[in-house]
1. So how strong a dipole does segment 9-129 carry about its Cα centre when Lys and Arg Cβ are +1 and Asp and Glu Cβ are -1, to the nearest 20 debye?
2. At a 1.4 Å probe radius, carbon and sulfur cover how many percent of the accessible area of segment 1-96?
3. Per residue, how much accessible surface does segment 1-96 expose to a 1.4 Å probe? Answer in Å², no decimals.
4. For segment 59-131, state which chymotrypsin sites (Phe, Trp or Tyr not before Pro) are in a DSSP loop and have at most 14 other beta carbons lying within 10 Å of their beta carbon.
5. With each label point set 7 Å from Cα along the Cα-Cβ vector, what nm distance links Ile42 and Val117?
Amino acid sequence: MRVVLAEDLALLRDGLIRLLTAYDFEVVEAVDNGPSLVRALIAHQPEVAVVDVRLPPTFTDEGLLAAIEARSRIPGLPVLVLSQDVQPLYARELLTSPGGGVGYLLKDRVSDVGQFVDAIRRVAAGGSAMDPEVVAELLTRRSRDEPLRTLTAREREVLGLMAEGRSNGAIAGRLFVTEKAVGKHTNNIFSKLGLPPSADDNRRVLAVLAYLNS
């Protein structure tokens with residue numbers, strides 16, 4: 001699986017290259033700034049991009065903006081963002097862009113290499129990988145919206161797990177309830193938010209995030 005990597009810190013960039021290579025990824029190019037990232041993504045069109053948010057020249061959200069620009073030119077380009085914090089505006093713009101294959105993980109909370117690698121593969125396959133704190137931040141910023149206020153505490157919990165990219169079965173296991181109960185909560189959520197339910201896990205996550213971005 002071909003990967004384009006964007007990370008400005010040389011030691012961390014080299015460490016990620018070695019890690020990805022050890023797990024049978026091919027890092028076709030590793031860059032350290034936003035303009036180079038856009039060029040590399042367009043030139044290689046990799047199976048997935050692993051992108052740090054803060055890149056030169058601005059050291060703010062250059063990586064995120066570069067990923068958004070690349071996806072506008074290559075719709076559906078899978079992108080997994082690594083960040084120190086949540087950039088809500090551009091995070092929602094990336095996560096609600098069409099085509100799926102998006103993820104947003106917080107660096108400080110990536111403590112398991114296996115889960116990190118699984119997240120990359122899931123995004124490359126067109127799925128989603130969301131850190132729970134990112135989901136919480138996006139939900140909190142929309143908490144005053146009337147439709148979200150109609151959700152019960154359990155429905156909000158299910159919604160957060162849905163947005164992480166979890167299936168009904170995985171949600172049931174996390175909450176220690178039956179899959180049928182999760183299905184009922186899911187139907188209630190989509191009904192209250194005015195969104196049609198879907199058997200496609202990735203499509204329903206994107207639908208929820210699209211609503212949060214509206």
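1. Taking the Cα centre of segment 9-129 as origin, the dipole is about 180 debye.
2. C and S fraction of accessible area: 54 percent.
3. 43 Å²
4. Passing both the DSSP loop test and the Cβ count: Phe59.
5. 3.4 nm
The values are calculated or read from the model by the stated rules, or taken from the named source; none is laboratory data. Please read all numbers here as calculations on a predicted model, not as lab measurements. All Cβ positions, even for glycine, are placed from backbone atoms using ideal geometry, and neighbour counts span all protein chains on display. With ligands, DNA and RNA removed, areas are computed over all heavy atoms of the protein, side chains included. Shrake-Rupley method; radii C 1.70, N 1.55, O 1.52, S 1.80 Å.
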